[in-house]
Amino acid sequence: MYIGPAGWSYRDWDGIVYPPRRRRGFHPLLYLAGYFNAVEINSSFYRIPTPDQCEKWADLVGPVGGFLFSVKLWQDFTHVREEIDRGALNLWHAALQPLRSAKVLGAVLVQFPWSFKRTRQNARYLEALTMALAPDPLAIEMRHDSWNDEEFVDWLRDRGHAFCSIDQPQLDGCLPPTEHVTAPLAYVRLHGRNSENWFREEADVAERYNYLYSKQELTGWVERLRRLIEKAEKVLVITNNHTEGRAVANALQIKSMLSDKKVEMPPTLLRHYPDLAPFAKSAPPDESPGPTEGEQMSLF
C-alpha cells in the first residue's frame, strides 16, 4: 500500500504542513518522505520536467527506500488533444528516465477532464495516446461517468492499464467511486467533495479542492482500499484536496485507519487540525524532519 499527497510545493502549506523554522538543507519532498511512501508529481501537468529535475527528486528519496512517484501527464496530451506532439512526447520520455533507472516510477497518471466523454473519436485518441506512452505503467483517470462500463474496463484490463478510482462531488455525469482492478497497480485519487465550487467557472484551483474529509467519509474508502489490496499487487492512494494541507491531513488519517495504529504527524499540522489527535503519535519538535528512516514504513 502506497499513500501520499498530490504535489509538495504549495505556499499555503508553509506553517501548516512544513515547520515555520527549517533546518539548513530542508526540502519539502524529503520532509514528506518521512511520513509517506509515495507522492504524485503534479508540476509535470503544467510543464514537462527536465531529466535533471527528475534525477534530483529520485536522489532525494533514494536513501529513504521503498518510495514511489506517480507522475501526472502534461496537460497538452489530455486537455488539448490535438495530434500528439512527437517532439513533446520525446521530451516526456527522456524526462522520466531517471525515475525509471532509480526504480521509483510507480505510474504515469493520465487524467482527462470531465468534458472528455466516451465517444468513438475520444476512444481512438485514448488508444493512440496510451500506445505512445508505452511501456510506462499507466493509470487512466476519467471523470465523466460515461466511461464507467464493462467494455472500457475490459479494454484497460486487456492492455494492463489501471482504472483510476476517484472520489469527487457526485454531480450530474460525475464518475462515482469504483473498485475496478485492471492492472497489477490499483490507483485511487481523492479530490474532495466541494460540490459548490467543482464546476463554478470563477473558482480557482484552491477553491475547487478546498475540502477536508471527515472520518466517516474516509471509512468507506478505507474499506474499499482493503478490498483493493486483496486483488491488486500494489495500491497507490493519492489525496488531491491540497488546499491548506488538507491532503496531508487526510492521507495520514487513511494511513492510521488502515493500520489501526497511531502514526507520526507534523506538529504544525496537528495544531492546525486538532481533530487529527486521535490518529497521531506524540508530536516531535517542530524542527524534526519526520520519523526516522526505519520508522517510516513500519505500517505496511
Legend entry - Order of Tyr46, Tyr187, Tyr10, Tyr35 under a 10 Å beta carbon neighbour criterion, fewest first: Tyr46, Tyr10, Tyr35, Tyr187
Legend entry - Inter-probe distance in nm under a simple model that places probes 7 Å from Cα toward Cβ, at Ala94 and His27: 2.2 nm
Inset, instruction - For region 2-296, build the charge dipole from Cβ charges (+1 Lys, Arg; -1 Asp, Glu) around the Cα centre, then report which of Pro20, Pro176, Tyr273 sits farthest towards its positive end. - result: Pro20
Inset, instruction - With label points built 7 Å along Cα→Cβ from the Cα atoms of Thr119 and Ser101, find their separation and express it in nm. - result: 4.3 nm
Inset, instruction - Divide by every residue of the chain the summed helix terms, -39500 (n - 2.57) for each DSSP H run of at least 4, and state the resulting mean residue ellipticity at 222 nm, rounded to the nearest 500 deg cm²/dmol. - result: -10000 deg cm²/dmol
Legend entry - Under 17 Å from the Asp204 label point (7 Å along Cα→beta-carbon), backbone N, region 14-34: 14
Inset, instruction - Under 18 Å Cα to Cα from Lys103, which lysines show up? Leave out anything in the same chain fewer than 8 places away. - result: Lys56, Lys72, Lys234
Inset, instruction - May I ask which residue of Leu212, Thr239, Ala251 lies farthest towards the positive end of the charge dipole of region 2-296, with charges of +1 (Lys, Arg) and -1 (Asp, Glu) on Cβ and the Cα centre as origin? - result: Ala251
Inset, instruction - Let me have the relative contact order for the chain, percent, based on Cα pairs under 8 Å that are six or more residues apart. - result: 21 percent
Inset, instruction - Tell me the label-point distance for the pair Asp59, Arg47, using the 7 Å Cα-to-Cβ offset, in nm and rounded to one decimal. - result: 2.0 nm
Inset, instruction - Taking the Cα centre of the chain as origin, sum charge times position over the Cβ atoms of Lys and Arg (+1) and Asp and Glu (-1), and report the length of that vector in debye to the nearest 20. - result: 560 debye
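Any read-out appearing in this document is the output of simple, stated calculations on the displayed coordinates, not a laboratory observation. The structure displayed is predicted, hence computed values, not measured ones. Cβ: placed from backbone, ideal geometry, glycine included. Neighbour counts: every protein chain shown.
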